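Okay, so here's the structure we're looking at.
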Amino acid sequence: MTVEVDPVRVESRLAAGEIGCPRCGDGVLTGWGHARSRWIDGLADSLRPRRARCRSCRATHVLLPVTVLLRRAYAAERIWAALTARSNGEGHRRIGVSLGVPAATVRGWLRRAAQRLEAMRALFLTVAVTAGVDVRIPDTFGCAWRDALAAVATATAAIRFRFGAAGLLGAVTPARVAAAASSGRLLAPGWPGLPDRGDATPVAPAAAHDDR
């Protein structure tokens, strides 16, 4: 699950039962230890994501801040900068040099994103229309990359208009909107099209205490 950047706010919402379970849709999540600590290139400190368990279905979830994407060792803002550069016509080698990221890594990001540009465009236009008021659908540019990123920019503007620049999960930027709307799966295998609830980990009551 994607949550806000501030861990204090996340703890407060968990304690108040304000985070619903995406697996069953009925239960609420409660704190359940932490995932392993990891370093994310582009973040100042190491990241140790909170784990949570549903009180109803007992599935566990890792709560990732909106600054990162699932199974990516680079901050969402850095990955988004690579996608933006590609939409402006730059190649993976030049992008890698400018961002200080191995060219092969950038090439992997771009290849994965290229496979779902139209799906991204459709999803983020839906987000924009849902969140905004009298949203103007951007004209197509004849370039799938630019069209997809324009849709994200439109969604970002709509969310800022409705919730303010700070938003609900922190500062509203295109990278964070992309991370939040995709539940961190923007570049994950199978996205879009696979429901979030399939990745939850059921925890048997007998084993739950040992995993705390």
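The values are calculated or read from the model by the stated rules, or taken from the named source; none is laboratory data. Not measured: the values here are computed from a predicted model. In this analysis, Cβ positions are derived from the backbone assuming ideal geometry, glycine residues included, and neighbour counts consider all displayed protein chains.
Brief remarks on what is shown
- Exactly one residue out of GLU77, GLU90 is of a type in the set (Asp, Glu) and without any contact (Cβ under 8 Å) to a residue 60 or more places away in the chain, and it is GLU90.
- Answer from GLY190, GLY142 - the residue that is without any contact (Cβ under 8 Å) to a residue 12 or more places away in the chain and under 18 Å from THR2 (Cα atoms): GLY190
- Selection count where residues are of a type in the set (A, V, I, L, M) and under 18 Å from the mean Cα position of the chain (by Cα), scope the range 29-50: 4
- Residues that are in a loop (DSSP other than H, G, I, E, B) and not acidic (Asp, Glu) were ranked within the range 83-92; the one that is nearest to ALA179 (Cα to Cα) is ASN88.
- Per-region count, the range 129-169, residues crowded, with 18+ Cβ neighbours inside 10 Å and of a type in the set (Gly, Ala, Ser): 8
- The combined condition, being at pLDDT below 90, within 16 Å of SER87 (Cβ to Cβ) and not acidic (Asp, Glu), is fulfilled by PRO138.
- Annotation: of all residues in the range 51-89 being under 17 Å from GLY27 (Cβ atoms) and of a type in the set (Lys, Arg), the one that is nearest to the chain's Cα centre (by Cα) is ARG51.
- Residue among LEU70, LEU47, LEU43 that alone is closer than 24 Å to VAL172 by Cα, of a type in the set (A, V, I, L, M, F, W, C) and in contact (Cβ under 8 Å) with a residue 40 or more places away in the chain: LEU70
- Subset of the range 72-110 [over 22 Å from ALA151 (Cα atoms), basic (Lys, Arg) and either assigned by TED's automatic domain parsing to the domain that holds ILE40 or buried (at least 18 other Cβ atoms within 10 Å of the Cβ) (or both)]: ARG72
- Residue list for the range 93-125, restricted to those being assigned to a helix (DSSP H, G or I), in contact (Cβ under 8 Å) with a residue 24 or more places away in the chain and of a type outside the set (A, V, I, L, M): THR105, TRP109, ARG112, GLU118, ARG121, PHE124
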